[in-house]
Amino acid sequence: MSLQGKKLILGITGGIAAYKMNYLVRDFVKAGAKVKVIMTKSAEDFVSPLTFSTLSKNKVYTDFYDDNKTWNNHVELALWADLILIAPCTANTLAKITNGLCDNFLMAVYMSAKCPVVIAPAMDLDMYVHPTVTKNLQTAESFGHQIIPAEFGELASGLVGQGRLAEPETIFKFVESQFSDSEKKLTGKRFLITAGPTYENIDPVRFIGNHSSGKMGFDLAKEAAKRGAEVILISGPSSQKVDDKNITLHRVTSAQEMFDEVFKYYENTDVAIMSAAVADYTPKVKATEKIKKNDNELTIELVKNKDILRTMGEQKKNQFLVGFALETQNEEENAKGKLVKKNLDLIVLNSLRDEGAGFANATNKVKFFTPTEEQSFSLKSKEDVAKDILNFIEQKL
Ligand code: PMT
């Protein structure tokens, strides 16, 4: 994977984080990319075009006309680019992007472009969670743009929260990864992924199960395989299908069967992602014949299933271990608790309180926690959630 010869436009808008773009431009140029910088008027209040023209070895665009009144052709510039990165992207520019408000040179280039667009927002924490920003980020994603979520940390206001521009290294890796699809970055990596529900038999007719469709796990398996990984996919009962020579599918029914199947492969796994919704309890006795409807009440005694993920955490050697947390209350606290208790490298939280998230939907809304970081994502298709998870893992491997 390389940025050698890639043509990048960096659009800088007016936020304090604009100063970090010095490092990014330097690193892009070092990596062999051709970089052209466009600055909005308010970006010039924070950083100087001279810095960027020196670092990029190219003229910096700030308006439709240069000082000598020569016209800057926004269409030509837009068509030149292999990728447009807007970083930091203010709430204002984000709103212009989603509403087609073309009142400056950056917007004219953006709207003339045919290449992929990557947006790295940065703003104060309350602005970042404002419904308009949330909606605009979702709209930008629906245009096919990629968002590099803002990070947690101290903000220019002195407050601490999510809103900080992603670090230049993160943005660099993200941009680099946009050119790496064909290079199959996960070639040679062995993935173990679980999907779907488990069914715990009560009798030959009935079972205890849950609403998992398996889609999240199958989409993860497909995305990992697309990137070259060799995938063992262990799924509970699900109507999902897969046809990929890099994916070996093992279908199981109960939590105990999933446990047994997982530990056939775990030792030789590089990355394990446990997205299955595993039953915590199973009937103590499974009736061999259909239970008859005799009494007004029926009591089924349940016993605890083994926690597959927790056991994996206990036996972890070099594996990168990812768990999911499906919560309905105290979501973050519970997810962080599972991260520690199960010795995970990453936990992906989805909450049933978020509309469109969790079971059965084609969409999900997730939040990542590692022992040191956290990142929130907007509601998106499960295919795109799988991409976010795989992008994150790729950066960590
Ligand atoms: O299949 P879909 O319809 O697409 O829905 C996706 C999903 C909602 C099932 C998925 O995104 C998800 O959240 N999966 C985990 C559901 C769950 O069981 O969460 P939990 O918080 O109860 O469990 C925490 C983690 O421990 C999970 O990684 C789970 O796989 C694992 N676990 C739980 C119990 C157990 N006995 N063994 C386990 O390994």
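Here are a few things to note about the model shown:
- Subset of segment 269-289 (residues that are open to solvent by less than 100 Å² (accessible area, probe 1.4 Å) and more than 9 Å from the ligand (Cβ to nearest atom)): Thr269, Asp270, Val271, Ala272, Thr282, Pro283, Lys286, Ala287
- Residues in segment 290-304 that are part of a loop (DSSP other than H, G, I, E, B) and surrounded by 13 or more Cβ atoms within 10 Å (Cβ to Cβ): Ile291, Ile300.
- Any hit, segment 164-171, residues being under 30 Å from Phe28 (Cβ atoms) and part of a strand (DSSP E or B): yes
- Tally, over segment 103-127, of residues that are under 17 Å from Ile9 (Cα atoms), outside any helix (DSSP H, G or I) and open to solvent by 40 Å² or more (accessible area, probe 1.4 Å): 2
- Residue selected from segment 202-225 under the condition away from the ligand (no atom under 16 Å from the Cβ) and buried (at least 17 other Cβ atoms within 10 Å of the Cβ), by the criterion farthest from the chain's Cα centre (by Cα): Ile202
- Unmet requirement for Gln315, which otherwise passes all of (1) at pLDDT 95 or above; (2) over 23 Å from Asp260 (Cα atoms); (3) not aliphatic (A, V, I, L, M): (2)
- Output for segment 290-326, where each listed residue is among the hydrophobic types (A, V, I, L, M, F, W, C) and away from the ligand (no atom under 16 Å from the Cβ): Ile291, Leu298, Ile300
- Looking only at segment 305-331, and only at residues there that are touching a residue at least 40 places away in the same chain (Cβ under 8 Å) and in a helix (DSSP H, G or I), the one that is surrounded by the fewest Cβ atoms within 10 Å (Cβ to Cβ): Thr311
- Count of residues meeting criterion [surrounded by fewer than 24 Cβ atoms within 10 Å (Cβ to Cβ) and closer than 18 Å to Ile119 by Cβ] in segment 9-23: 3
- The requirement of being touching a residue at least 40 places away in the same chain (Cβ under 8 Å) and within 21 Å of Phe218 (Cα to Cα) is fulfilled nowhere in segment 283-304; no residue meets it.
- Candidates are the residues of segment 259-268 that are open to solvent by less than 80 Å² (accessible area, probe 1.4 Å) and within 26 Å of the chain's Cα centre (by Cα); the one that is nearest to the ligand (Cβ to nearest atom) is Val262.
- Segment 225-279 holds strands (runs of 3 or more DSSP E) entirely within its bounds, and those carrying 3 or more residues that are under 21 Å from Gly358 (Cα atoms) map to 230-235, 271-274.
- The single condition among (1) touching a strand residue (DSSP E or B) at 6+ places or on another chain (Cβ under 9 Å); (2) away from the ligand (no atom under 16 Å from the Cβ); (3) open to solvent by 60 Å² or more (accessible area, probe 1.4 Å); (4) without any contact (Cβ under 8 Å) to a residue 40 or more places away in the chain that Lys245 does not meet is (1).
The values are calculated or read from the model by the stated rules, or taken from the named source; none is laboratory data. Since the structure is predicted, the reported quantities are computational estimates derived from the model, not experimental observations. Cβ: placed from backbone, ideal geometry, glycine included. Neighbour counts: every protein chain shown. Note: accessible area is taken over every heavy atom of the protein model, side chains too, but ligands, DNA and RNA are not part of it. Shrake-Rupley method; radii C 1.70, N 1.55, O 1.52, S 1.80 Å.
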